[in-house]
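A short write-up of the structure that comes next.
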Amino acid sequence: MVIRLRNITKVYRVGAERIAALNGVNLDVDRNEYVAVMGASGSGKSTLMNILGCLDRPTGGTYELDGRLTTSMGAAALAHVRNERIGFVFQSFELLPRLTALKNVELPLIYARAGWFSRRARAKKAIETVGLSDRMRHRPNQLSGGQRQRVAIARALVARPAILLADEPTGNLDSRTSEEILALFNQLHRSGQTIIMVTHEPDVARHAKRIIRMKDGRVHSDLPVEEDPVSELPAPTPLAGIPLEVPA
């Protein structure tokens, strides 16, 4: 078990008002699962992802990540967990424009104080994993949207995370490029990576193996993709992908 949430609540204060974003969420995710999280605006899915990514603390309940109880950790310990156990992929890529693809991918290892030689070797391996070995010296403005997202995925993988969290990873991409990125996620999943992806698009969620639907701060449904209503859509068309392995 890589994720275990028990009775997670999150309450925000807006002036004198208390707003419950999460209201008793229980969730288990095993290693090598590929999970999509869906829900309308205000359903709690973004708050859930922030807690899973240790970017926010729950008001109540417990969160175990890879066997470690994060809800009792201090700020420094949580930052360490974020850097070493969680890989983040964002809709907007979040690459530093003045750095090459290779140096962008190296960043998590710099914060982890990895040595230069190890850092460079692991970053090159991660970029090769996403099929961009011929673009590692390019800066973000020299790359297409799909290539920039591949760099972001390589950066998320370089620290060998327990989970890969993807927040609307195809939101800024055209349909063809979106399919290529989703094909890459499928290959990562087959290679052993645990993936949790937030999306509002049913055709994107269809690529996962399990769909969690949030409503009013609770888990409304949690089903294998073939049992979820999204399965009524045509199955995604497989794309010819690059052979890859999760960086070792």
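Quick check on LYS45: is it surrounded by 18 or more Cβ atoms within 10 Å (Cβ to Cβ), under 30 Å from THR170 (Cβ atoms) and under 17 Å from the mean Cα position of the chain (by Cα)?
Details: surrounded by 18 or more Cβ atoms within 10 Å (Cβ to Cβ): yes; under 30 Å from THR170 (Cβ atoms): yes; under 17 Å from the mean Cα position of the chain (by Cα): yes.
Criteria met by LYS45.
Any residue at all in the range 8-31 that's surrounded by fewer than 20 Cβ atoms within 10 Å (Cβ to Cβ) and touching an Asp or Glu at 6+ places or on another chain (Cβ under 6 Å)? So that I can check it myself, show each step before the final result.
At the first step, the residues of the range 8-31 found to be surrounded by fewer than 20 Cβ atoms within 10 Å (Cβ to Cβ) are 9, 11-20, 23-24, 26-28, 30-31.
If we keep only those that are touching an Asp or Glu at 6+ places or on another chain (Cβ under 6 Å) too, we end up with none.
No.
Among what's in the range 211-225 and is assigned to a strand (DSSP E or B) and among the hydrophobic types (A, V, I, L, M, F, W, C), pick the residue that is farthest from SER46 (Cα to Cα). Before the answer, list the steps.
Residues of the range 211-225 that are assigned to a strand (DSSP E or B), as a first pass: 211-215, 218-224.
Restricting the remaining residues to those that are among the hydrophobic types (A, V, I, L, M, F, W, C) gives 211-212, 214, 219, 223.
Details: ILE211: 15, ILE212: 13, MET214: 10, VAL219: 13, LEU223: 19 Å.
That would be LEU223.
Output the residues belonging to the range 32-42 that are surrounded by fewer than 19 Cβ atoms within 10 Å (Cβ to Cβ) and either free of Cβ contacts under 8 Å to residues at least 24 places away in the same chain or in a strand (DSSP E or B) (or both).
Answer for the range 32-42, where residues must be surrounded by fewer than 19 Cβ atoms within 10 Å (Cβ to Cβ) and either free of Cβ contacts under 8 Å to residues at least 24 places away in the same chain or in a strand (DSSP E or B) (or both): SER41, GLY42.
Name the residues in the range 222-244 that are of a type outside the set (Asp, Glu) and modelled with pLDDT of 95 or more, would you? Before you say what the answer is, go through the steps one by one.
At the first step, the residues of the range 222-244 found to be of a type outside the set (Asp, Glu) are 223-225, 229-231, 233-244.
Listed by number, the residues that qualify are LEU223, PRO224.
How do the pairs read when you match residues in the range 213-226 that are free of Cβ contacts under 8 Å to residues at least 24 places away in the same chain and hydroxyl-bearing (Ser, Thr, Tyr) with residues anywhere that are surrounded by 14 or more Cβ atoms within 10 Å (Cβ to Cβ) and part of a strand (DSSP E or B), using Cβ under 7 Å and keeping only pairs 6 or more apart or on different chains?
Pairs found: SER221/ARG213.
List, please: which pairs have Cβ atoms under 6 Å, are six or more places apart or on different chains, and start with a residue in the range 102-122 that is farther than 17 Å from LEU132 by Cα and end with one that is acidic (Asp, Glu) and modelled with pLDDT of 80 or more?
Listed by first residue and then by second, the contacts come to ARG119/GLU106.
Mind counting the residues in the range 1-21 that are under 30 Å from LEU188 (Cα atoms) and either among the aliphatic types (A, V, I, L, M) or in contact with a helix residue (DSSP H, G or I) (Cβ under 6 Å, 6 or more places away or on another chain) (or both)?
Looking only at the range 1-21, we keep the residues that are under 30 Å from LEU188 (Cα atoms), and these are 1-6, 8.
Within this subset, residues satisfying the condition of being either among the aliphatic types (A, V, I, L, M) or in contact with a helix residue (DSSP H, G or I) (Cβ under 6 Å, 6 or more places away or on another chain) (or both) are 1-3, 5, 8.
So the count comes out to 5.
Among what's in the range 171-192 and is among the hydroxyl-bearing types (Ser, Thr, Tyr) and surrounded by fewer than 18 Cβ atoms within 10 Å (Cβ to Cβ), pick the residue that is nearest to the chain's Cα centre (by Cα).
As a first pass, look at the range 171-192 and keep what is among the hydroxyl-bearing types (Ser, Thr, Tyr): 175, 177-178, 191.
The next check asks that each one be surrounded by fewer than 18 Cβ atoms within 10 Å (Cβ to Cβ); those that pass are 175, 177, 191.
Values: SER175: 20, THR177: 18, SER191: 16 Å.
Ranking the candidates gives SER191 first.
What is the number of the single condition among (1) under 16 Å from the mean Cα position of the chain (by Cα); (2) at pLDDT 95 or above that VAL219 does not meet?
Evaluating VAL219 over (1) under 16 Å from the mean Cα position of the chain (by Cα); (2) at pLDDT 95 or above leaves (1) as the failure.
Within the range 65-109, track down each residue that is within 15 Å of ARG148 (Cα to Cα) and among the polar types (S, T, N, Q).
GLN91, SER92, THR100, ASN104
Taking the conditions exactly as written (out of contact with any Leu (no Cβ under 6 Å at 6 or more places or on another chain) and on the phi > 0 side of the Ramachandran plot), does ASP66 satisfy them or not?
On the way: out of contact with any Leu (no Cβ under 6 Å at 6 or more places or on another chain): yes; on the phi > 0 side of the Ramachandran plot: yes.
Yes, satisfied.
Only one of ARG98, ARG139, ARG57 is charged (D, E, K, R) and over 27 Å from GLU180 (Cα atoms); which?
Values: ARG98 fails: over 27 Å from GLU180 (Cα atoms); ARG139 fails: over 27 Å from GLU180 (Cα atoms).
Residue meeting the stated conditions: ARG57.
Tell me whether the range 75-84 contains one or more residues that are touching a residue at least 60 places away in the same chain (Cβ under 8 Å) and within 30 Å of ARG137 (Cβ to Cβ). If you could, list the steps in order and put the result at the bottom.
Our first condition is that a residue be touching a residue at least 60 places away in the same chain (Cβ under 8 Å); within the range 75-84, this holds for 83-84.
Going one step further and asking which of them are within 30 Å of ARG137 (Cβ to Cβ), we end up with 83-84.
There is at least one residue in the range 75-84 that is touching a residue at least 60 places away in the same chain (Cβ under 8 Å) and within 30 Å of ARG137 (Cβ to Cβ).
Which pairs do you get when a residue that is touching a residue at least 12 places away in the same chain (Cβ under 8 Å), found in the range 8-25, comes within reach of a residue that is among the basic types (Lys, Arg) and surrounded by 12 or more Cβ atoms within 10 Å (Cβ to Cβ), reach meaning Cβ atoms under 8 angstrom, with the pair 6+ apart or on two chains?
ALA20/LYS10; ALA21/LYS10; LEU22/LYS10; LEU22/ARG218; ASN23/ARG218; GLY24/ARG218; VAL25/ARG218
The values are calculated or read from the model by the stated rules, or taken from the named source; none is laboratory data. None of the values given here were measured: they were computed from a predicted structure. Glycine also receives a Cβ, built like all others from the backbone with ideal geometry; neighbour counts cover every protein chain displayed.
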